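The values are calculated or read from the model by the stated rules, or taken from the named source; none is laboratory data. Owing to the predicted nature of the structure, the values given are computational and were not obtained by experimental measurement. A quick note on method: Cβ atoms are made from the backbone with ideal geometry, for glycine too, and the neighbour counts reach across all protein chains shown.
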Amino acid sequence: MKSFIEYIVSIFKGVWTLLVGMKVTAKYFFTPWNNVTQQYPENRDTLVMFDRFRGEVIMPHTENNEHLCTGCGICELNCPNGSIEIISKSIITPEGKKKRIIDQHIYHLGMCTLCNLCVKACPTGAIVMGQKFEHAVWDRALLTKVLNQPGSKIAEGVKE
Amino acid sequence: MDIYNFTTLTHNIHTGLAQSFAPWLATTIEWVIVGVAYLLFVALFGLFLVYAERKVCAAFQQRLGPMRVGKWGLLQTIADFIKLLMKELIMPRKADWFLYNLAPFIVIIASFLAIAALPFAPGLQSMDFDIGVFYLTAVSSVGVIGILLAGWSSNNKYSLIGAMRSGAQILSYELSVSLSLLTMVVFAGTMQFSAIVEGQRDAWFIFSGHIPAIIAFVVFLIAGTAETNRGPFDLAEAESELVAGFHTEYSGIKFAMFFLAEYINLFIISAVAATVFLGGWMPLHFGNLESFNHVMDFIPPVIWFFGKVLFVIFVIMWFKWTFPRLRVDQILTLEWKYLLPINLVNILLMALVVLTKFHF
C-alpha cells in the first residue's frame, strides 16, 4: 500500500516538475523583448558591447594629448605571444636629468589573443581593453598599431 | 452554417465530372485532383511547420530564429528545400540498394495514408471510414517499418541503433495512443471521424468528458509526441549520440522525405488530438449562450480546425524545447509503468462515466 501511494505521489510530483519547466520556457516565449539576439550589421549604429568585452588594447589619451604610459615595458614582458613592443628613448628633463620615456608603444593586433595580461600587469593603468571589434583590413601591416599618439607626453604626476 | 459546407462543392465537382467523362476516367481524375491537393497541402504545410518550429524554438530560447532570407526569414525554409533538392544522392557502397531506396517512400506513404482520413471541414474529407480511428492508428504505425528498413539497409551502426530504438519506442507508445483514443471512442460511441466531430456539436469532448477525457488528452499528447519521434523522445535520432539516427546515411531529397514525414506525423497527431478531443472543425459552443454560439458559427470550420491543430502543435513544440531527452530505459519505464496503467484505469473510469451518464 505504501509503495502504491508513493507511486501515485511520484506521478503528481513528476507532472509538477514538468509544469515548472514549461513555465520557465513559457516566460521566455511570451517576453520576446528580452531576446538576446543582436541583428548585427543592421544595428551597428546602436550596438553597445558589454563592459567586459575585449576588442583591442588601447591607450586612452586626455584632451591635452597626455597618457599614463611610463615606457617601463612590463606589458611587453607579460605578453605571452610578443604582441607588444616598447621602443623607449632618453630625454633630458628641464632639471637636467636623463630620463627614459616611451617613444612608440607598438601593438600587433594580428597576433594578440586579447588575454588581458598586459592590462592587468600595467602599473599605471595606461592601457585598457577597447570595445571596437570590427578590425578587418585589406593589408596585414595595418594591424600593427602605435598606441601612443604622435606628440603625446606622459601626464603630470604619474609615479614612475 | 451552410455556406462553409464543402459537401455541395465536392458533390457538384463529382456530378460534373461524371457527366462529362466515362466513369473510370471521372474516378481517375478525382483521384488525381485529391492526390495533388494532398501533395500541395503537405508540402506547403510541411514548409510552414519547419519555419514555425525554428521560430518557436528560437522564442523559447530567447533568440530570434531565421531573420535574413525574406522578411522575418519567411523564405528560409523554401531556400533550404531548394538546397536539399539540388544535393547529391549519396548511398553507402554496402547498403542494401532496394530497401535503402524503398524506406523513405514507406515512411512518407504511411503519413499520406493517415492524413487521408482526417476531416478538415464539413465535406472536406477524402475517406470517411466508419472505423476511421482504427484505420488511422493502423496505418500510422506502418511508418515504423520504413524507419526500421532505413536503419537496417544503411549498413551503419548508428542508423541501426537509432532504428531499433525507434522501433521499441513506437511499438510501446502505440499502445498508449490507441488506448487513449479508445477511451474517447467509448465516450463517443463511434469510430467514424465525421460522427465523432458531429458528436461534439454542443460541447467538445474534453469539456463534456471532463476528468477521464482530460487524462486521456494528456496521455495522448505525451504518447503522440513519442510516436512522432520528437523531443524529448527523439532518441531515435539523438544528435549527440547517434549522429542522426536512422537517416544518417540519407541525403538530398530522400532525407527531405524523412524530414517531411516527421512534420506530417506531427500534423497528424495534432489533428487527431484536435478532432477527437477539441472538436475538430466544430466551433466552440456553450450550452445556452445562443448569441455566443451564433457568433462562433461565423468563423469558418477550416479556421477552427487549423487553429486547434496549431495550438496542439505549439504545445508539442513546447514539450520539445523544454524537456531534456529521455534515456531508453526511462522511455520504456514511462510507457509501461506509468502511461499504460493510467490508461487502463482511465478507460474503466470513462466506461463508468458513460454508464452512469455522469457527463455533460
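For the stretch B:340-360, the criterion of being of a type in the set (K, R) and closer than 29 Å to A:V24 by Cα is satisfied by no residue at all. Suppose the filter is within 14 Å of chain A (Cβ to nearest Cβ), within 23 Å of the chain's Cα centre (by Cα) and small (G, A, S); does B:A117 pass it? No, not satisfied. B:E53 passes every criterion in (1) within 14 Å of another protein chain (Cβ to nearest Cβ); (2) farther than 30 Å from B:S154 by Cβ; (3) within 27 Å of the chain's Cα centre (by Cα) apart from (2).
When each of B:G307, B:G280 is tested for being free of Cβ contacts under 8 Å to residues at least 24 places away in the same chain, away from chain A (no Cβ under 14 Å) and in contact with a helix residue (DSSP H, G or I) (Cβ under 9 Å, 6 or more places away or on another chain), the lone residue that passes is B:G307.
Hey, among B:T356, B:T333, which residue is within 14 Å of chain A (Cβ to nearest Cβ) and more than 23 Å from the chain's Cα centre (by Cα)?
Of B:T356, B:T333, the one residue that is within 14 Å of chain A (Cβ to nearest Cβ) and more than 23 Å from the chain's Cα centre (by Cα) is B:T333.
Just to be sure before I move on: is B:G224 surrounded by 24 or more Cβ atoms within 10 Å (Cβ to Cβ) and assigned to a helix (DSSP H, G or I) in the structure I sent? So B:G224 passes the test.
What residue, among those in the stretch B:288-314 that are of a type in the set (S, T, N, Q) and either in a helix (DSSP H, G or I) or in contact with a Gly (Cβ under 6 Å, 6 or more places away or on another chain) (or both), is nearest to B:F267 (Cα to Cα)?
Restricting to residues being of a type in the set (S, T, N, Q) and either in a helix (DSSP H, G or I) or in contact with a Gly (Cβ under 6 Å, 6 or more places away or on another chain) (or both), the top hit is B:N293.
Please find, within the stretch A:1-26, the residue that is farthest from the chain's Cα centre (by Cα) out of those that are more than 8 Å from chain B (Cβ to nearest Cβ) and among the polar types (S, T, N, Q). Applying the filter and picking the extreme gives A:S3. Residue count for the stretch B:58-75 satisfying the condition of being part of a helix (DSSP H, G or I) and either acidic (D, E) or within 10 Å of another protein chain (Cβ to nearest Cβ) (or both): 3. Which pairs turn up if I take residues in the stretch A:124-139 that are over 14 Å from A:E76 (Cα atoms) and look for partners that are charged (D, E, K, R) with beta carbon separation below 7 Å, at least 6 apart in sequence or on another chain? These pairs meet every condition: A:M129/A:R54; A:G130/A:E56; A:K132/A:E56; A:H135/A:E56. Number of residues in the stretch B:9-57 that are among the aromatic types (F, W, Y), farther than 13 Å from B:L260 by Cα and part of a helix (DSSP H, G or I): the value is 3. Note on the stretch B:310-330: among residues that are within 15 Å of the chain's Cα centre (by Cα) and more than 11 Å from chain A (Cβ to nearest Cβ), the one that is surrounded by the fewest Cβ atoms within 10 Å (Cβ to Cβ) is B:F311. Only residues that are among the polar types (S, T, N, Q) and either within 30 Å of A:K99 (Cβ to Cβ) or surrounded by 13 or more Cβ atoms within 10 Å (Cβ to Cβ) (or both) were counted across the stretch A:40-75, and they come to 4. Residues that are exposed (fewer than 13 other Cβ atoms within 10 Å of the Cβ) and touching a helix residue (DSSP H, G or I) at 6+ places or on another chain (Cβ under 9 Å) were ranked within the stretch B:71-102; the one that is farthest from B:F306 (Cα to Cα) is B:W97. Inside the stretch B:120-135, residues that are modelled with pLDDT of 85 or more and in contact with a Phe, Trp or Tyr (Cβ under 8 Å, 6 or more places away or on another chain) make up a count of 2. Within the set B:V345, B:V272, B:V302, the sole residue that is more than 14 Å from chain A (Cβ to nearest Cβ), of a type in the set (V, I, T) and surrounded by fewer than 21 Cβ atoms within 10 Å (Cβ to Cβ) turns out to be B:V302. For the stretch A:27-39, a tally of residues being more than 7 Å from chain B (Cβ to nearest Cβ) and at pLDDT below 85 returns 2.
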